[in-house]
Amino acid sequence: MADRITANLPSRDFAATEAFYARLGFAPTFRDDGWMILRRGDLVLEFFPHPQVDKWSSWFSACIRVDDMAGLLTEWQQAGLPHDHKAIPRLTEAFKHGQAPRMFALVDEDGSLLRVIDNVDAGEAL
């Protein structure tokens, strides 16, 4: 297995988190009372219990770098998540700020922010 690093995000309720991410194509690969791992191909998210996390003030986040950002966005849009910039959860459209690579954002039901970044646009800069 290649070396890797994975995101560790809070979950107020593992069952609810698992159900939310299942809508985005993630499936559980491990779960006990203190840890849960979800996988979608090479994308891996790990969760720890944090029943007190406030979704409105959460600062948890992760970057996901993918080769087909537009394709993944199209797939995830099928989940029917709100686009309202104040909604939790929400899914944005693709955007680009200055010299940063193209990306879109997902905020999950616990307020964690996932920035999905286009590997192609990022080039060697990242």
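Close amide-amide hydrogen proximity is noted between Arg65 and Ile117, each under 5 Å apart and 5 or more residues distant or on a separate chain (H modeled in the peptide plane; Pro and chain starts excluded). Antiparallel beta bridges, as assigned by DSSP with both residues in the chain, represent about 60 percent of the total such bridges.
When the surface is traced with a 1.4 Å probe over the full set of protein chains, Ile37 keeps roughly 40 Å² accessible. Note that the range 95-108 has calculated 3J(HN,Hα) couplings of 8, 9, 10, x, 8, 5, x, 4, 7, 9, 10, 10, 10, 7 Hz, one per residue in order, obtained from phi through the Karplus relation 6.51 cos²θ - 1.76 cosθ + 1.60 (θ = phi - 60°); glycine and proline are x. Solvent exposure of the range 25-111, expressed per residue, is 57 Å² of accessible area, with all protein chains present and a 1.4 angstrom probe. Measure off, as a whole percent, the carbon and sulfur share of the 1.4 Å-probe accessible area of the chain, all protein chains present. The nonpolar share, carbon plus sulfur, comes to 52 percent. Scanning the chain for trypsin sites (Lys or Arg not before Pro) that sit in a DSSP loop and have at most 14 other Cβ atoms within 10 Å, the longest stretch containing none of them is 24-85. Extension gain, Asn119 to Glu93, is 7.7 nm, computed as 0.36 nm per intervening residue step minus the present C-alpha separation. Centre-to-centre separation between the Cα atoms of the range 72-118 and those of the range 9-68: 15 Å.
Once backbone amide H atoms are built at 1.01 Å from N, Arg12 has His50 as its partners under 5 Å, excluding neighbours fewer than 5 places away on the same chain. The GluC sites (Glu not before Pro) of the range 45-126 that meet both conditions, a loop assignment by DSSP and at most 10 other Cβ atoms within 10 Å of the site Cβ, are Glu93. Taking a point 7 Å from the Cα of Asn8 along the Cα-to-Cβ direction, the residues of the range 52-67 with backbone N closer than 19 Å to it are 52-54, 58-64.
The values are calculated or read from the model by the stated rules, or taken from the named source; none is laboratory data. Values in this document were obtained by computation on a predicted structure and should not be read as measured data. Virtual Cβ from ideal backbone geometry, glycine too; neighbours counted across all protein chains shown. Each accessible area value is taken on the protein alone, full model and side chains, heavy atoms only, with ligands, DNA and RNA left out. Shrake-Rupley method; radii C 1.70, N 1.55, O 1.52, S 1.80 Å.
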